[in-house]
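Novice: Have a look at this one.
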Amino acid sequence: MAVSLGRGAFQIKEPVYITSYAAVVGKKEGEGPMGKCFDRVETDSYFGQKTWEQAESRMQQETIYHALEKAALSPDDIDIILAGDLINQCTSSTYSLRPFGVPFLGLFGACSTMAEGLIIGSLILSSGAGKRCVAATSSHFSTAERQFRFPLSYGGQRPPTAQWTCTASGAVVLDTQTENSPRISSVCIGKITDLGVTDANNMGAAMAPAAADTLTRWFKCSGKSPENYDAIVTGDLGKIGGKLFAEIMMKQGYDVNPCYHDCGAMMFDAETQDTHAGGSGCGCGGSILCGHFLPLVKSGKIKRMLFMATGALMSPMLVQQGESIPSIAHLVEITGE
């Protein structure tokens, strides 16, 4: 069962364990400073398929299969899959899961989708509605650029505030029975935050206030502070958004800097890989959570962490019409057993 700690915040009383996890990324991500932590680095951006959209579906599918294999499970052992991506109607996830034959909930939280899936999955399992589920997400540089900005052949110049959409996927298997594993102990559902940013090439600035809003609300309703955590991790604010987030938190009376990490800032080497403000995309936070942070929790090097994936809930059409960018941040507290 889950106990309410405040508006949108819940403590997961019935243990929900992270049984296994997997991360698959593309060539550029594999060449970055985090490259060695992923389960697989694929040098072919098409993943053996004919189109980039088919490639993203294949990447997510392989990531889920890999997570299941690590736990010695098959799709038949899973009660529900929660998955989402950046592409219209979550088609990357829909097409990737066609062969699984598992009940499916498609999610769209933009880059916050990994945390959203973990929240919904943990609440479902703690309610007794299932025993085992999968939370997964993915993004692909070429599919996202084609949908949200310009055709790749356009060759438009990217400003310094722009982030590089990661070709990456992460998948987590949750259950209620695997002890001696990391567990989801609490969650906090984000609220839509919009401070009027209209620049689609400055997602970090648009999302940082949402991250600060969720984390401040979590500290107030839980009675905790940054000192309670070995790591506070945002999904993909990037270098600019991450700095802004830390400054906002400081003004709220919380110094997160000693334990703060951002997956977008971690993914690439800005000096050698020309990714400007860092990485972004659903797969950015998902893959680094699964490839880097969860193994640290499993090994005991991190005993308690917050994973807070942020998402810009934008529509390219509405942005072209002059609308600002609403954002959200979902928070998951993960502890080692």
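Read the figures in this text as sums done on the coordinates, not as results from a lab. As the structure is a prediction and not an experimental result, all values here were calculated from the model. Neighbour counts are summed over all protein chains in view; Cβ atoms, including those assigned to glycine, are modelled from backbone coordinates with ideal geometry.
Novice: Quick check on the stretch 208-337: of the DSSP beta bridges with both residues there, what percent are antiparallel, nearest 5%? Show your work: numbers first, answer last.
Specialist: Working: 9 of 16 bridges.
Taking every DSSP beta bridge with both residues in the stretch 208-337, the antiparallel ones total about 55 percent.
Novice: Next question, about the same structure. Report the full-extension gain for the segment Leu195 to Thr43: residue separation times 0.36 nm, less the Cα-Cα distance, to one decimal in nm. Show your work: numbers first, answer last.
Specialist: On the way: separation 152, 0.36 × 152 = 54.72 nm, distance 3.91 nm.
Stretched out fully, the Leu195 to Thr43 stretch lengthens by 50.8 nm.
Novice: Hey, could you pull the Cα Rg and Dmax for the stretch 58-209, both in Å?
Specialist: Spelled out, the Cα radius of gyration and Dmax of the stretch 58-209 are 17.1, 51 Å.
Novice: What are the DSSP H helices in the chain that stretch 24 Å or more along their long axis, judged by alpha-carbon atoms, and whose average Kyte-Doolittle hydropathy comes to at least -0.5?
Specialist: Working: long enough: 52-70 (27 Å, -1.37); 203-222 (28 Å, 0.33).
Going by DSSP H runs, the hits are 203-222.
Novice: Can you figure out the FRET efficiency of Val319 with Ser185, using R₀ = 41 Å and their beta-carbon distance, to the nearest 0.05?
Specialist: Working: r = 37 Å, r/R0 = 0.90.
Given R0 = 41 Å and the Cβ-Cβ separation, E is 0.65.
Novice: For the stretch 4-19 and the stretch 55-128, what is the centre-to-centre distance using only Cα atoms, to the nearest Å?
Specialist: Centre-to-centre (Cα) distance: 20 Å.
Novice: Next question, about the same structure. Given Lys13/Lys251; Lys36/Lys239; Lys251/Lys298, which pairs have Cα atoms separated by over 25 Å? Could the numbers behind the result be given before it?
Specialist: On the way: Lys13/Lys251 33 Å; Lys36/Lys239 22 Å; Lys251/Lys298 33 Å.
Beyond 25 Å: Lys13/Lys251; Lys251/Lys298.
Novice: Could you list the residues of the stretch 2-32 with an amide nitrogen less than 15 Å from a label point located 7 Å from the Cα of Ala129 in the Cα-to-C-beta direction?
Specialist: Backbone N within reach: 2-3.
Novice: Among Val24, Thr137, Val197, whose Cα sits farthest toward the positive end of the charge dipole of the chain (+1 at Cβ of Lys/Arg, -1 at Cβ of Asp/Glu, about the Cα centre)?
Specialist: Projecting each Cα onto the dipole axis, the largest value belongs to Val197.
Novice: Okay, next question. Please give the net charge around Gly264, taking every other residue with its beta carbon less than 11 angstrom from that of Gly264, where Lys and Arg add +1 and Asp and Glu add -1.
Specialist: On the way: positive: Lys239; negative: Asp236, Asp262.
Result for the neighbourhood of Gly264: -1.
Novice: Same structure again: What spacing in nm lies between the two simple spin-label points modelled at Gln11 and Asn228, each 7 Å away from Cα in the Cβ direction?
Specialist: Here the answer is 0.9 nm between the modelled labels.
Novice: Using only Cα atoms, what is the ratio of the radius of gyration of the stretch 183-335 to 2.2 N^0.38 Å? Walk me through the numbers on the way to the answer.
Specialist: On the way: Rg = 15.0 Å, N = 153, 2.2 N^0.38 = 14.9 Å.
Normalised Rg, Cα atoms only: 1.01.
Novice: Whole-Hz ³J(HN,Hα) for each residue in the stretch 2-14, computed from phi via Karplus 6.51 cos²θ - 1.76 cosθ + 1.60 with θ = phi - 60°, x for glycine and proline: what do you get?
Specialist: Rounded to whole hertz, the list is 10, 10, 5, 9, x, 4, x, 10, 9, 9, 8, 6, 7.
Novice: Sticking with this structure for a sec: Tell me which residues come under 5 Å, amide H to amide H, from Val197 once H is placed; ignore anything under 5 positions away on its chain.
Specialist: Amide H to amide H, under 5 Å and 5 or more residues apart or across chains, Val197 pairs with Ile325.
Novice: When the Cα atoms of the chain are enclosed in a convex hull and the volume is divided per residue, what value in Å³ results? Please report the intermediate quantities before stating the final value.
Specialist: Numbers: hull volume 40.6 nm³, N = 337.
Per-residue hull volume (Cα only) is 121 Å³.
Novice: Tell me what the chain gives for mean residue ellipticity at 222 nm when only DSSP H runs of n ≥ 4 count, each as -39,500 (n - 2.57), the sum divided by the residue total, rounded to 500 deg cm²/dmol.
Specialist: -9500 deg cm²/dmol
Novice: Within a Cβ distance under 12 Å of Thr137, other residues only, what is the Lys/Arg minus Asp/Glu net charge? Could you put the intermediate results ahead of the total?
Specialist: On the way: positive: none; negative: Glu56, Asp85, Glu116, Asp236.
It works out to a net charge of -4.
Novice: For Arg98 and Lys50 in one chain, what is 0.36 nm times their gap in residues minus the Cα-Cα distance, to one decimal in nm? Please list the in-between numbers first.
Specialist: On the way: separation 48, 0.36 × 48 = 17.28 nm, distance 1.78 nm.
Result for the pair: 15.5 nm of gain on full extension.
Novice: In a Gaussian network model over the chain where Cα atoms closer than 10 Å are linked, find which of Thr234, Thr113, Thr19 has the largest mean-square fluctuation.
Specialist: Thr19
Novice: Next question, about the same structure. Using the basic label-point model (7 angstrom from Cα toward the beta carbon), what is the Asp76 to Ala270 distance in nanometres?
Specialist: Here the answer is 5.1 nm between the modelled labels.
Novice: Within the chain, which cysteines find no other Cys whose Cβ is under 4.7 angstrom from their own?
Specialist: So far as the 4.7 Å Cβ criterion goes, Cys37, Cys90, Cys111, Cys133, Cys188, Cys221, Cys259, Cys263, Cys282, Cys290 stand without a partner in the chain.
Novice: Same structure again: Where does the charge balance sit around Gly196 when Lys and Arg score +1, Asp and Glu -1, over other residues with C-beta under 15 Å from its C-beta?
Specialist: Charge balance near Gly196 sits at -4.
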